[in-house]
Structures are given as C-alpha cells and as structure tokens.
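J.: Got a structure for you, questions after.
The values are calculated or read from the model by the stated rules, or taken from the named source; none is laboratory data. From a predicted model like this one, the values you see are computed outputs, not experimental measurements. Note that each Cβ is placed from the backbone with ideal geometry, even for glycine, and that neighbours are counted across all protein chains shown.
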Amino acid sequence: MFFSIAPAADPRFPCHDQLGPWVFSHDNGWDQHQGQWSKGIRNPDQTGNWAGLQWIDSRLHLDHGAWRSFPLWWDQGSRTLTNLLGTGQPIWANTRVYLDADSLYTAPFDPVGQFSRESLSLDQAADIISDRLVQQVQRLPEQCGDRPCRLFLTGGIDTLMIFGAFKYAQVPVDVIDYEHLEYDWFLDQNLQAIRERHWAYAQIHHWTQPTVLVSGGCGDESMMRGPTTLALWAAWHGLDVNSMLLSRTGYHVHYFSQPKNRQIFQDHWQRREQIKQTHTTAQQLHQQILDINLNDHQHWHLGHTLTWTPLLDLELTKTVLRLDPDSMIEQMIDAALCKRVLAQLFEPGLSLLSPNKNYRSRSLLHGIKATRPPGNVLL
C-alpha cells in the first residue's frame, strides 16, 4: 500500500492514475470501483489495515483505518503526499488530510476514543482479548474473498495467539514454514531502501498473486511488551525495570536485557520525576502510550500481498492498561496475559512457544502441518 500523490508521476512507482489535477502513483494491488481507489482489509467499524482515495467535490480525500497503519509525509516544496520514504513534514496518525487543486489541508480527529479505568485481572483481560481476536478471524474469510490466507509461525507469542484464534474459530489458514519473497518491479526498485527506513519490512513475505499474509505486527506494542511504552509505564509507577531483570526469568527477560533496551529503561527511570510531573494522572499516561502506539507503523500492504494485522488494535492496548501493576509486571516479564490468551484459544500452542522472545526456535513447530504452494521461493 505504497503511494505518492503529486502534480506529476512519481518514477518510483509502476502505476500512475489521474485524480483531478493530481497524479496518484502507486504499487500493484489497488482496486478501483466507481471512481474510488482502495487497498486493504476494512472492518465493519472502519478499523483495519486499509486506505481509500477519491476525488469528490474538487477535493482529493485520503481515507484509512481509524488506526492508520502507514506513515505519511507532506513535502510542501514538491507538493508531494506519500508514505514511501517521504521528506518534509510528517503527518501524525491523529490527523486527517485532503488535497484541493493546489494544497494540503489537515483536520485533527480522535482515533483513541474512550477507555475504561476499571481494573481487570489477567483472566478477565484474557477473556476480552480472546473474544476480540476470534471475532476478527471469523470475519476474515469474507474479507479475503478468493485470496489464499497464509500464516508464517515464528515460534513467538503473537503469531501463536493468532494461530490459536484460527484454531478456536475453526477457520482454515495455510501455515507456511518458509520465507517467501517474489520480486515485482516495485520491490526490485525500492525494497532495500524501505527496509533501511522501516525495520518491519526486513520481516515480510510477498507473493505476486493476490494473497493475504497474516502478520503478528504491532503485537509487542498493542500488548504492552514494547520497551519504550513499558519504560514509560514503569517509570511513572516508580518501578526500576533493570533492577527487576537481574532477579527474574521469563519470556522477555533476555530481550529486555539487551543493552539497547536496558538503556531505554535507564533513561526513563532517571526521568521518572519529570514523567510523573508531565503525566499527572494515569489517564494522561495511558493517552500518551496510546498516542505512541498510533504512530508506530509496522506492516502495511505490499503489491498484491495484503497484510492482515489483527494486533493493530488500540482496544487491545486499552484492555492491557487496565491490569493492576503486579499483573502488568507479569505480562512484561513473561507475557503472562498473552500466554493465558493462547491457552484459552489453543492450549497445545503453549508447547510450541519459544522459551525467549526472538529466540526463534522453529524446531518446536515441527508438529504443525505446513502448506507449500507451487513455486515458493526459499530464502
């Protein structure tokens, strides 16, 4: 779902269409219907990983899921709006945009919405999250159409939770045990630069035929296991994460003990008084965490491969933030909430989980039957 909107065609793209006075340059895989261009998977509540573009009433409107899955930049000098290696002004995810014949206009909106402060136990939170994942999976066959739906199990907790939701809902999905990357013109020209700017595209599959790739993207962030938001949360609560890591074992301990993450925890711990003064209430703290997650873009679509990202969901984060501090620590150290979700959905999946995050012990997955379509590319 890469695109550029400018007065002239952008040579980085293979496809170019005129929308009013603007040229819409884009990768493959966009659909056109009654003057509207669109790409992605849209949920009934307008969330999901999708974008739409339409010239109406002398304006070019860019629409997208409530939690925009992609970054966006506006370069005033070249009058270019793009999500491909943009220059100029970043446009944050709480901003809607449209173009008239000459200029960009922005309007703020609230993608976070209301959230409850009523406390939840780990089991209560697991019930809510399990139900939400299953509901998303149940809608997917209709949303996919005749595209095959494929899931690459990494041995990590996020893809296993999603796999568990498929098992619980009895919705079929092709499990693949290989890394697949077919090049089209756009990838050949741009993939290296995209990977240098966006780390998640070093972990992507691509088919040139219409396909849905199930992604665990945004799982750490949505489930409050990302170092930055956890460091902020812990410092506000007066908890020294680095000290805790010295005496604890669990799924995240090795990952959080890496020097780059220890530095994040240390920096926030040293600023804990400032953080407390800046965010005087828990609601302000949670709003900041949700805003950070909104702008942490990871997987949007690539060519004819649509990336389905059920963990790109602020409602999941709102649920996790309702845990009491002791339960949040268990989630932080050992993914305790995520393990409860997996156990509810597919308890045998716990035996497939790698002992540590990013350990990638895929040998544990040998009991899962994988699907190998003809012509796969092994990297």
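J.: For residues in the stretch 303-345 being polar (S, T, N, Q) and buried (at least 22 other Cβ atoms within 10 Å of the Cβ), which is farthest from residue 119 (Cα to Cα)?
T.: By that ranking, first place goes to 305.
J.: Another question, if that's okay. Between a first residue in the stretch 246-268 that is without any contact (Cβ under 8 Å) to a residue 40 or more places away in the chain and a second residue that is surrounded by fewer than 20 Cβ atoms within 10 Å (Cβ to Cβ) and polar (S, T, N, Q), which pairs have beta carbons less than 7 Å apart while being 6 or more apart in sequence or on different chains?
T.: 262/242; 264/228; 265/242; 266/242
J.: A follow-up question, please. List every residue pair whose Cβ atoms lie under 9 Å apart, where the two residues are 6 or more positions apart in sequence or sit on different chains, the first residue falls within the stretch 80-104 and is under 27 Å from residue 191 (Cα atoms), and the second residue, located anywhere, is exposed (fewer than 14 other Cβ atoms within 10 Å of the Cβ) and among the hydroxyl-bearing types (Ser, Thr, Tyr).
T.: 80/87; 91/106; 97/105; 97/106
J.: Being over 19 Å from residue 305 (Cβ atoms), touching a strand residue (DSSP E or B) at 6+ places or on another chain (Cβ under 7 Å) and small (Gly, Ala, Ser) is true for just one of 35, 29. Which residue is that?
T.: 35
J.: Inside the stretch 71-93, can you point out the residues that are hydroxyl-bearing (Ser, Thr, Tyr) and touching a Ser or Thr at 6+ places or on another chain (Cβ under 7 Å)?
T.: Answer for the stretch 71-93, where residues must be hydroxyl-bearing (Ser, Thr, Tyr) and touching a Ser or Thr at 6+ places or on another chain (Cβ under 7 Å): 80, 82.
J.: Residue 267 - would you say it is surrounded by fewer than 22 Cβ atoms within 10 Å (Cβ to Cβ), more than 24 Å from residue 96 (Cβ to Cβ), of a type in the set (Asp, Glu) and not assigned by TED's automatic domain parsing to the domain that holds residue 201?
T.: no
J.: If you check residue 153 against the conditions, is it assigned by TED's automatic domain parsing to the domain that holds residue 312 and more than 21 Å from residue 27 (Cβ to Cβ)?
T.: Yes, satisfied.
J.: Looking at 67, 50, 55, which is the one that is crowded, with 18+ Cβ neighbours inside 10 Å, over 15 Å from the mean Cα position of the chain (by Cα), closer than 27 Å to residue 143 by Cβ and aromatic (Phe, Trp, Tyr)?
T.: 55
J.: Given the conditions (1) surrounded by 20 or more Cβ atoms within 10 Å (Cβ to Cβ); (2) out of contact with any strand residue (DSSP E or B) (no Cβ under 7 Å at 6 or more places or on another chain); (3) within 30 Å of residue 138 (Cβ to Cβ), which single one is not true for residue 299?
T.: The single condition residue 299 does not satisfy is (2).
J.: Here's a follow-up. Pairs only if they're at least six apart or on different chains, beta carbon under 9 angstrom, first in the stretch 187-212 and over 17 Å from residue 26 (Cα atoms), second among the hydroxyl-bearing types (Ser, Thr, Tyr) and in a helix (DSSP H, G or I); list them, first residue then second.
T.: Here the result reads 195/201, each pair linking the stretch 187-212 to a residue that is among the hydroxyl-bearing types (Ser, Thr, Tyr) and in a helix (DSSP H, G or I).
J.: Among the residues of the stretch 228-251, what is the count of those that are closer than 8 Å to residue 265 by Cα and not in a helix (DSSP H, G or I)?
T.: Residues that pass the stated criteria total 1.
J.: Find all pairs meeting these conditions: Cβ atoms under 6 angstrom apart; at least six residues apart or on different chains; first residue within the stretch 12-30 and part of a loop (DSSP other than H, G, I, E, B); second residue of a type in the set (A, V, I, L, M, F, W, C).
T.: 14/185; 14/186; 20/55; 20/60; 21/101; 27/2; 27/186; 30/37
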